[in-house]
Each structure stands twice: as C-alpha cells, then as structure tokens.
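Have a look at the structure below, then the notes.
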Amino acid sequence: MLTFIGLGLWDENDVSLKGLEAIREADVVYAEFYTSRLMGTTLEKMEALYGKPVKVLVREDVEQHPKDNVLKDALDKKVVFLTGGDAMVATTHVDLRLRAQKMGIDTAIIHGASISSAVCGATGLQNYRFGKSATIAFPYKNIISETPYDTIKMNKANGLHTLLFLDIDREKGYMTINRGVELLLAVEERRKEGVLTDALGVGIARAGSPAPCVKAAKLDELKALDFGAPLHIMVVPAELHFLEEEALQALAGLKT
C-alpha cells in the first residue's frame, strides 16, 4: 500500500488528523521537499510528532529510481509518501502513483492545504479567474526561460490571472519574488511586447504561517519591496474585478 499525504503549508501541525493517523500506522515513511517544503518546522520536529523516522528523498530518487525505495517497500509494506502542500499538485507525484498501480500496489491520497487555493484566500483574488500557472526557474547557463512570460501573455488575453511558482534549487536556494520579477522584466525588455508594461504584481510570502506577507504593486515597484524569508510565490493578475481590487487594497496594501 502506498498512501500520498499532503502536509499543508507551514509546519508539522498542518497535517490532517487523517494524515497523522496514516503516518503513525505506516511501516515506512518517505518524504520529498524539492517541490515544496514546510519552512516553519524541522525534520526532527516532524519525526517527534509522527513517532516515526522519515526518509527524505531527492528528486532523482523519486523520478528516476523509485523502484529502489518507495515502490520496493510498498510491495509488501504500508508506505506513506509525504509532500508539502497537497499531495498531487506536482506532476512527479502523479507519475509515481501511476507506476505504483502498474506494479499492482494499491494507492490512496490524503489531501492537504495547497498554495494554489491559499493564494486566493490571502489576496482576495477569485479562484475561478486563474488560468494556466507557470514556474519561474533560475536561469540555466544564463538563459532565462520565456515560458512564464508567454503564459502571462496568453492568460491576460483571456482575462485570467497567472500564478507563478518560484524555483527551489538545491544549490541556488529559494527564489524570491524580487528575483522572479527581475527575470520577468528582463524578458519584457528583450521582447518589448508590452505584456508587462505597467503590470500589477502580487507577492505572497510564508503563506499559512502566523505572519504571512502579502503585497501588491506595479511590478517595477514590487521588485524593490522586502518580503522576508521564504517560501515566496507571486501572481500577475489580469484586469481586476472591483471586489478583487478592493480586497488587494485591504489585504495587500494596493495603492489606487
């Protein structure tokens, strides 16, 4: 049996009671923190709450060699696989579940709070007005990916907001909202299509924590604001509904 468990947004206490029960009943506990992680806790605190050791896997373990760890154990043991946020938001987890089913391993999901929905609550932006999301990645060999820019362009043409995940890299660390904006504006400067001219941005830091930071401003202004410690995420909205504009003024300090 392989059970995927989403741990929520911030610390070890965000796990659901159902998830906690499943962890405590498991024979083996795995976790990955390369797609997201709980910044308000430590592995030691998690293990203390769970009463179980947690084996942390890197991306290669999960995506390239799962038969050497998770799937091997799940053939004859109760295995749980822990992730930050919700268990199935990352494509890599869907792939792992499909591999398990092909091997005859029963699977289950215990969902957790997701940043995708938390952003709506934190900002007041309406969830049904979001289009395709994208990830702003650290430049590779000084090449900046233009996919986020193209995604914003497409969504704006359809009157939809764009949720932008910010890269987590083992060597480069956690991308900030400030760096994400710099990369977007660098693409605008090169392509000069006006997609981000006077565009609004909304930055959210430490969602789910006791002291989240939510700020809205034009992108060139957002770039200079201090959002504090990670994790960061951002939104480039389309034209705002009047209730969304009111919410950003009240919740994110948007200036009219």
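The values are calculated or read from the model by the stated rules, or taken from the named source; none is laboratory data. Note that the structure is predicted; figures quoted are calculated from it, not measured. Cβ: placed from backbone, ideal geometry, glycine included. Neighbour counts: every protein chain shown. Areas reflect the complete protein model, heavy atoms only, side chains present, ligands, DNA and RNA absent. Shrake-Rupley method; radii C 1.70, N 1.55, O 1.52, S 1.80 Å.
Here are a few things to note about the model shown:
- Residues in the stretch 239-256 that are in a helix (DSSP H, G or I) and either of a type outside the set (A, V, I, L, M, F, W, C) or more than 23 Å from the chain's Cα centre (by Cα) (or both): F242, L243, E244, E245, E246, Q249, A250.
- Number of residues in the stretch 115-155 that are in a loop (DSSP other than H, G, I, E, B), touching a residue at least 60 places away in the same chain (Cβ under 8 Å) and more than 12 Å from V236 (Cα to Cα): the value is 2.
- Restricting the stretch 62-75 to residues that are in a helix (DSSP H, G or I) and within 14 Å of V29 (Cβ to Cβ), the residue that is nearest to the chain's Cα centre (by Cα) is V70.
- Selected residue [under 21 Å from F33 (Cβ atoms) and either of a type in the set (G, A, S) or buried (at least 21 other Cβ atoms within 10 Å of the Cβ) (or both)] from L166, L196: L166
- No other residue among L183, L248 is within 24 Å of A113 (Cβ to Cβ) and either without any contact (Cβ under 8 Å) to a residue 60 or more places away in the chain or hydrophobic (A, V, I, L, M, F, W, C) (or both) apart from L248.
- Conditions (1) closer than 23 Å to P212 by Cβ; (2) at pLDDT 95 or above: number failed by T35: (2)
- Within the stretch 199-238, restricting attention to residues that are under 30 Å from G112 (Cα atoms), among the charged types (D, E, K, R) and surrounded by 16 or more Cβ atoms within 10 Å (Cβ to Cβ), the residue that is farthest from the chain's Cα centre (by Cα) is K215.
- Hits in the stretch 116-137 - residues which are open to solvent by less than 40 Å² (accessible area, probe 1.4 Å) and over 20 Å from K153 (Cα atoms): A118, V119, C120, A122, T123, G124
- Residues of the stretch 82-114 satisfying the condition of being more than 21 Å from H65 (Cα to Cα) and either open to solvent by 40 Å² or more (accessible area, probe 1.4 Å) or assigned to a helix (DSSP H, G or I) (or both): I109, H111, A113
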